[in-house]
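Submitted below is the structure of interest, expressed as C-alpha cells.
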Amino acid sequence: VVSSSRRGLLLGGAALLLAGCGARTVAEEDVAGPAPEGERPEAELLAGAIAVKEMAAAAHEDPALARIERAHVARLRGIVQSLSGGRPAVGTGGEDDPERAEERTIAVLQDLLPRLRDPELRRLVADMMVVDAQQLAALRLQAGGDPAPESFLAPRTAG
Amino acid sequence: LISLRRREALLLAAAAALVGPRGAGATQSSLPALLARTHQLELATAVAYDAAAGNGLPDEVAAAFARHERDQAVALRQALEALGAQTLGVPTTTSDVAALVPGFPAAGASGPERARYLIAVERATLDAHRAVLGATHHPEVLRTVASIMAAAGTHLAVLRDRIGASPAATL
C-alpha cells in the first residue's frame, strides 16, 4: 500500500522535524496537508472501487451480503456518472473466498481514500469501508473465528 | 493481516510531525482539535468496554476491545504530541463516558441494552473520525484513521450480533 522507501522518508522527516520542533509555527492549511496533486480524476479512481466491489458481490454466498455490495456499486456508479458520464472499469480478477474478497475490498478502499480530493467522497468511501469491515467480521463469525482481532485493520492489496 | 499497533503509531506520529506543530489560529474544526476529540472518544470507548466486561459482553471480548481502543488512542496521542497539541480531558469513569455519549445504561440494564449503548459509543467515535477525514489530505493520517475505522466496523459487527441484528449493516 505504501512503499517502504516512502515510509522511511516519512519517519526520517518526522525525526528531523521533531528534533527542532519547538519554534516552528505553521498555518492551518499546512496542518491540513497538501491536496493530492497529479492524481487521476476521481471518476477514474472510483472505477477501481466499483470493480473491487463487483468482485466482492460475486464472491458472497450470503445473498444479504451480496446485496449490500451491489448497493454500494450502484451508489458509486451514480457518482461516477455525475462526475464524468464515463463508464467505470470492470473486473479486477476473481476472488472466490468471501473473506479474502472483503479484505481486498477494504484494502482497495483504504488505498483510494487519500487520493480523493473531495472530503465528502472520502467520507462516503470510508463509510463503505466500515460496512465492508462489518461484513468481514460477520464472515469470520460464521466461520467460527475471532471476528475482531485487530486494533488497526489494514489488509494488504496484493494477493 | 498483520499487527499494526507499533507501525501505525509511528506512521501517524510521523505524518503529524510532517504537517507541523499546531498553528496559533487553530479552530475547533482544525486537525489538532479533531484528532484530540477522536483521542478522547477512543479512551471513553475503552472505559465503556471495561464497564461491559461480564456485564453485557464476555470478559475476554470486552478486554480485547478495550485494548484495541487504547492502542488506537496511543497512536492518536502520539500524533497530537507531534503536532504540539494538547489532549482533551481523559475519561476514566463511566460518568465521564456518559458526559460524552449520553444514555449510559442503568445498573439493572440488560445485556442487549448495554450492547446498544456500546454501538452508540462506537458510532460517536466513528463520526469523530469522519470529521478528521474532511480536515486533512495527509495520506498517512488518512490511512491510519481508515484502519481505526475499519477495526471499529469489526467491533460493530460483534455488537450487532449481540443484539440479534445482522452483523453487517447497510450503509
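Looking at region B:29-38, is at least one residue crowded, with 24+ Cβ neighbours inside 10 Å and more than 17 Å from residue B:130 (Cα to Cα)?
no
I'm checking my understanding of the structure. Among residues of region A:115-138 that are among the acidic types (Asp, Glu), assigned to a helix (DSSP H, G or I) and surrounded by fewer than 20 Cβ atoms within 10 Å (Cβ to Cβ), which one is farthest from the other protein chains (Cβ to nearest Cβ)?
Quick first cut of region A:115-138, residues among the acidic types (Asp, Glu) only: A:118, A:120, A:127, A:132.
Adding the requirement that they be assigned to a helix (DSSP H, G or I) leaves A:120, A:127, A:132.
Filter once more, keeping what is surrounded by fewer than 20 Cβ atoms within 10 Å (Cβ to Cβ): A:120, A:127.
Values: A:120: 8, A:127: 6 Å.
Filtering region A:115-138 for residues that are among the acidic types (Asp, Glu), assigned to a helix (DSSP H, G or I) and surrounded by fewer than 20 Cβ atoms within 10 Å (Cβ to Cβ), the one farthest from the other protein chains (Cβ to nearest Cβ) comes out as A:120.
Another one. Checking the structure you have, find out if any residue of region B:129-142 is on the phi > 0 side of the Ramachandran plot and either facing chain A (nearest Cβ under 7 Å) or touching a residue at least 40 places away in the same chain (Cβ under 8 Å) (or both). Quick ask: steps written out before the conclusion?
So the first thing to find is which residues in region B:129-142 are on the phi > 0 side of the Ramachandran plot, and the list is none.
So far as region B:129-142 goes, no, none of its residues is on the phi > 0 side of the Ramachandran plot and either facing chain A (nearest Cβ under 7 Å) or touching a residue at least 40 places away in the same chain (Cβ under 8 Å) (or both).
Continuing with the same structure: Taking the options B:66, B:106, B:98, B:46, name whichever one is among the hydrophobic types (A, V, I, L, M, F, W, C), under 21 Å from residue B:155 (Cα atoms) and free of Cβ contacts under 8 Å to residues at least 12 places away in the same chain. Even if it seems obvious, please write down each step before you answer.
Details: B:66 fails: free of Cβ contacts under 8 Å to residues at least 12 places away in the same chain; B:106 fails: under 21 Å from residue B:155 (Cα atoms); B:46 fails: free of Cβ contacts under 8 Å to residues at least 12 places away in the same chain.
The match here is B:98.
Criterion first (out of contact with any His (no Cβ under 7 Å at 6 or more places or on another chain) and of a type outside the set (Asp, Glu)) does residue B:73 satisfy it?
Details: out of contact with any His (no Cβ under 7 Å at 6 or more places or on another chain): no; of a type outside the set (Asp, Glu): yes.
No; evaluated as a whole, the condition is false for this residue.
To continue, here is another question. Out of all the residues in region B:20-29, is one or more modelled with pLDDT under 95, under 16 Å from residue B:143 (Cβ atoms), in contact with an Asp or Glu (Cβ under 7 Å, 6 or more places away or on another chain) and facing another protein chain (nearest Cβ under 10 Å)? If you could, list the steps in order and put the result at the bottom.
The first filter runs over region B:20-29 and keeps only residues modelled with pLDDT under 95, leaving B:20-29.
Now narrow it down to the ones that are under 16 Å from residue B:143 (Cβ atoms): none.
No, the conditions are met nowhere in region B:20-29.
Given the condition touching a Phe, Trp or Tyr at 6+ places or on another chain (Cβ under 9 Å), surrounded by 24 or more Cβ atoms within 10 Å (Cβ to Cβ) and not hydroxyl-bearing (Ser, Thr, Tyr), answer yes or no: does some residue in region A:144-153 qualify? Don't jump to the end; show me each part of the working.
Filtering region A:144-153 for residues touching a Phe, Trp or Tyr at 6+ places or on another chain (Cβ under 9 Å) gives A:148.
Okay, now just the ones that are also surrounded by 24 or more Cβ atoms within 10 Å (Cβ to Cβ), so A:148.
Filter once more, so that each one left must be not hydroxyl-bearing (Ser, Thr, Tyr): A:148.
Within region A:144-153, one or more residues are touching a Phe, Trp or Tyr at 6+ places or on another chain (Cβ under 9 Å), surrounded by 24 or more Cβ atoms within 10 Å (Cβ to Cβ) and not hydroxyl-bearing (Ser, Thr, Tyr).
From the set of residues in region B:65-122 that are within 25 Å of residue A:147 (Cα to Cα) and of a type in the set (Ser, Thr, Tyr), which is nearest to the other protein chains (Cβ to nearest Cβ)?
Ranking the candidates gives B:117 first.
The values are calculated or read from the model by the stated rules, or taken from the named source; none is laboratory data. Owing to the predicted nature of the structure, the values given are computational and were not obtained by experimental measurement. No Cβ is skipped: glycine too gets one built from the backbone with ideal geometry, and neighbour counts run over all protein chains shown.
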